[in-house]
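A.B. asks: Mind having a look at this structure? Questions to follow.
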Amino acid sequence: MADDNKKTKEPSCPYKKKCGGCDYQGMAYEEQLKRKRGYVHKLLPECRLMPIVGMDDPLHYRHKVQAAFDCVRGGKIVAGTYAKNSHDVVPIDRCMIENEEANAIIRDIRDMLRSFKIKTYDEDTGYGLLRHVQVRVGYRSGQIMVVLVLSSPILPSKNNFVKVLRQKHPDISTVIINVNDEHTSMVLGERNITVYGKGYIEDELCGLKFRISPGSFYQVNPRQTELLYKKAIEYAGLTGKERVIDAYCGTGTIGLIAAGGAREVIGVESNRAAVRDAISNAKLNGIKNIRFYSDDAGEFMTSLAQAGEKADVVFLDPPRTGSSEAFLASLARLNPDRAVYVSCDPESLARDAKYLTKHGYTLKECTPFDCFPYTKHIENVALLCKK
Ligand code: SAH
């Protein structure tokens, strides 16, 4: 079992007082796992709750890393994370839960800014150019995407900037300028300009290849994600005859992995960039029995239900807020034998599972996955079957 052999010696984080990103900083890993499972058990008391799947090595698991920049007293440039409820940047050189290469890239970008005369953006005054840097690292492919989030589309000496950065980090396969000129707490803006490489990276999970663009959702902890997707597919109990819906499908990951065991798969997702990725991912893997729709999942399910359509299995993997009532009501009308609910918030999972248990389903089993060690967050895969 993946949860047999945990590290017991706790690393200590020098930023813990100011950063606030890790709720369970300093807590033994075994204890973190116990608390997380206990929390899920409290919310789903009736359900068969399996052991939590923890990590053998719970450090440096985040393959997507973001940093904010600031120029502090004496003109020193710092990179790190915002302190809670402020625009003050807590300088962070190395984070114990983030990918180390990504951290090194961010440090090197920070140290290059002065010589390239790139000013950091001030969230309060709106003055300056560089707002954030996002780095995504492919787990199996090793490909690295660097997104420079700027307040304007123009980066001075951009080709030279990329050249110097790639000399230090040859694994960087694409560099993208993302333009965010809005007064917003969102990191990324709408517009992407590729300045080096293809504008996306590819990665492999569960034997398939996936293209990931800057705006697309992709799980940040690929090692655990693979285990989680495998469990989701196992819960679906596919025999090759099923019509499957993959709702909130992102880049199509779950649906594409399921497609080999099903008759047909329909994916639905509201983020257009993610749908474009999903369509290319189907091509990339030569999978033909899948179609993707760019729509609100609730509205899409409602129109399927109104058209009298049926489904055998529904995967749903909504954002933290959970699913809408329109979605769940239509799911019940589509009448699948199984619904496999992948959730990043046990509270909305409990609420939505309660709704479904009142509308013809039983919550059979749930497996928690620790995808976010040292934070309080937890993923769950739950199986609901028709009564
Ligand atoms: N299943 C995917 C993505 C899960 S994250 C994976 O495993 O990678 C949740 C996804 O839901 C995101 O891609 C987000 O863009 C999408 N989303 C959020 N609200 C939505 C809505 N109302 N309708 C459809 N998709 C939505």
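A.B. asks: Would you mind calculating the relative contact order of the chain from Cα pairs under 8 angstrom and at least 6 residues apart, reporting the percent as a whole number?
C.D. replies: Here the relative contact order equals 14 percent.
A.B. asks: Right, something else. Give the percent of DSSP beta bridges with both residues in the chain that are antiparallel, rounded to the nearest 5.
C.D. replies: Roughly 60 percent of the DSSP beta bridges within the chain come out antiparallel.
A.B. asks: If contacts are Cα pairs under 8 angstrom and at least 6 residues apart, what is the relative contact order of the stretch 59-156 in percent?
C.D. replies: 28
A.B. asks: Also, I was wondering about something else. With N denoting the number of residues in the stretch 67-119, provide Rg(C-alpha) divided by 2.2 N^0.38 Å, to two decimal places.
C.D. replies: Against the empirical 2.2 N^0.38 Å value, I get 1.13 for the stretch 67-119.
A.B. asks: Accessible area, 1.4 Å probe, largest first: how do Arg114, Arg351, Arg338 sort?
C.D. replies: Of Arg114, Arg351, Arg338, the descending order of accessible area is Arg114, Arg351, Arg338.
A.B. asks: Hey, another quick one. Go through the stretch 126-183 and name the trypsin sites (Lys or Arg not before Pro) that are in a DSSP coil and have 15 or fewer other Cβ atoms within 10 Å of their Cβ.
C.D. replies: Arg140
A.B. asks: So with the 1.4 Å probe, I'd like the accessible area per residue for the chain, rounded to whole Å².
C.D. replies: 46
A.B. asks: Which value, in Å to one decimal place, does the Kirkwood hydrodynamic radius take for the stretch 92-167 when every pair of different Cα atoms is included?
C.D. replies: Answer for the stretch 92-167: a Kirkwood hydrodynamic radius of 13.5 Å.
A.B. asks: Restricting attention to the stretch 1-103, which trypsin sites (Lys or Arg not before Pro) occupy a DSSP loop and are surrounded by at most 16 other Cβ atoms within 10 Å?
C.D. replies: Lys7, Lys9, Lys84, Arg94
A.B. asks: If I build a Gaussian network model for the chain, linking alpha-carbon pairs within less than 10 angstrom, which residue out of Ser348, Ser157, Ser216 has the largest mean-square fluctuation?
C.D. replies: Among Ser348, Ser157, Ser216, the largest mean-square fluctuation in the Gaussian network model of the chain belongs to Ser157.
A.B. asks: Still on this structure, I have one more. Whenever you get a sec, compute what percent of the accessible area on the stretch 80-219 sits on carbon and sulfur atoms (1.4 Å probe).
C.D. replies: C and S atoms contribute 46 percent here.
A.B. asks: With a cut-off of at most 15 other beta carbons within 10 Å, and DSSP calling the residue loop, which chymotrypsin sites (Phe, Trp or Tyr not before Pro) in the stretch 30-86 qualify? Please list them.
C.D. replies: Those that pass, being in a loop and sparsely packed, number zero.
A.B. asks: Right, here's the next one. So in the stretch 71-178, what percent of DSSP beta bridges are antiparallel if you round to the nearest 5?
C.D. replies: In the stretch 71-178, approximately 65 percent of DSSP beta bridges are antiparallel ones.
A.B. asks: Have a look at Leu130, Ile92, Met112 and report the one farthest towards the positive end of the charge dipole of the stretch 66-169, computed about the Cα centre with Cβ charges (Lys/Arg +1, Asp/Glu -1).
C.D. replies: Met112
A.B. asks: Protein chains only, probe 1.4 Å: how do Glu299, Glu204 rank by accessible area, largest first?
C.D. replies: Glu299, Glu204
A.B. asks: Keeping all protein chains in place and using 1.4 angstrom, which order do Leu227, Leu328 fall into by accessible surface area, from largest down?
C.D. replies: Descending order: Leu227, Leu328.
A.B. asks: Between Asn85 and Thr239, what length in nm is gained on full extension when 0.36 nm per residue of separation is reduced by their alpha carbon distance?
C.D. replies: Length gained, Asn85 through Thr239: 50.5 nm.
A.B. asks: Over the heavy atoms of His359, what accessible area does a 1.4 Å probe trace out, to the nearest 10 Å²?
C.D. replies: Accessible area of His359: about 80 Å².
A.B. asks: Residue farthest toward the positive end of the dipole of the chain, with Cβ of Lys/Arg at +1 and Asp/Glu at -1: which of Leu256, Thr174, Gln306?
C.D. replies: Thr174
A.B. asks: Express the relative contact order of the stretch 223-340 as a whole percentage, based on alpha carbon pairs under 8 Å and six or more residues apart in sequence.
C.D. replies: Worked out over the stretch 223-340, it gives 26 percent.
A.B. asks: To the nearest whole percent, what portion of all C-alpha pairs in the stretch 290-353 is separated by more than 16 angstrom?
C.D. replies: 44
A.B. asks: Would you mind giving the average projected area, over all directions, of the Cα convex hull of the stretch 128-176 in nm² with one decimal?
C.D. replies: Averaged projected hull area, Cα only: 3.4 nm².
A.B. asks: Quick one: 3J(HN,Hα) in Hz for the stretch 278-286, Karplus 6.51/-1.76/1.60 with θ = phi - 60°, rounded, Gly and Pro as x.
C.D. replies: 4, 5, 5, 5, 4, 5, 4, 9, x
A.B. asks: Can you list, largest first and rounded to whole Å, the semi-axes you get for the chain by taking the square root of 5 times each eigenvalue of its Cα gyration tensor?
C.D. replies: Semi-axes (√(5λ), whole Å): 37, 25, 19.
A.B. asks: With Rg and the Kirkwood Rh both taken from Cα atoms, where does Rg over Rh land for the stretch 269-387?
C.D. replies: Computed over Cα atoms, the ratio is 0.98.
A.B. asks: Quick check on the stretch 138-272: of the DSSP beta bridges with both residues there, what percent are antiparallel, nearest 5%?
C.D. replies: Here the share of antiparallel DSSP bridges comes out near 45 percent.
A.B. asks: How big is the charge dipole of the chain about its Cα centre, in debye rounded to the nearest 20, if each Lys and Arg gets +1 on its Cβ and each Asp and Glu gets -1 on its Cβ?
C.D. replies: Rounded to the nearest 20 debye, it is 400 debye.
The values are calculated or read from the model by the stated rules, or taken from the named source; none is laboratory data. Being a predicted model, the structure only gives us computed values, none of them experimental. No Cβ is skipped: glycine too gets one built from the backbone with ideal geometry, and neighbour counts run over all protein chains shown. What goes into the accessible areas is simple: the full protein's heavy atoms, side chains included, and nothing from ligands, DNA or RNA. Shrake-Rupley method; radii C 1.70, N 1.55, O 1.52, S 1.80 Å.
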